[in-house]
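To start, the structure itself, in structure tokens.
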Amino acid sequence: MDQITGLPAHPLLVHIPVALLPLAALGVIVLLARKAWYERYRWAVLIVAGIGTFGAILAASSGESLESQMRAQDGVDAVRAVHEHAEAGDLARTLAIVFFVVLAAYVVLPWFVDRRNAGTTGSNVESGADEAGTSKRTVPSWVQPTLMVAVALTAVASMVSIVNAGHSGARRAWEQYDTSTQALGD
């Protein structure tokens, strides 16, 4: 996808992850703050993160085609700046995917175990068995805290990489704008 209604797609598509992934990171804070909020908002946060991650993939893809177009017409310094931005964008895309996968595990794993156990009645949580003596599947006690730490760390890493990629892209765009306006003034 190179263009949207005649405009380069990349500057338009970057707004998806730039808006939604920080919103998902704030949602993670909400999920970690209270168990009731986790139960209520986990699916919404996962959906927002999924759309933001898909946007990051689209933005990186459209950026690659824009990068190849720009390299043909720019000088050495501009090519280096575009390459740095492309690398930052690739990292942002990768970390967005990692964030989404860890968040999905944090949301879906307990839900899946709860759904599997919903069929058993009169379960004894302490022993992991129901009244009939059949074993009940549970998530090991270390999994939830580990996922909580992992989802918080990946959210922060994703946000830092998005800010870095956005900053390098904006700097490049404004440098190009400044150069073009100086040329008009001369």
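What follows draws every value from the coordinates through simple rules; no lab data is involved. Small disclaimer: the values here were computed from a predicted structure and weren't measured. All Cβ positions, even for glycine, are placed from backbone atoms using ideal geometry, and neighbour counts span all protein chains on display.
Residues in region 77-92 that are over 20 Å from the mean Cα position of the chain (by Cα) and either free of Cβ contacts under 8 Å to residues at least 60 places away in the same chain or within 21 Å of residue 54 (Cβ to Cβ) (or both): 77, 79, 80, 83. For region 1-47, taking the residues that are crowded, with 21+ Cβ neighbours inside 10 Å and within 24 Å of residue 170 (Cα to Cα), the one that is nearest to the chain's Cα centre (by Cα) is identified as 21.
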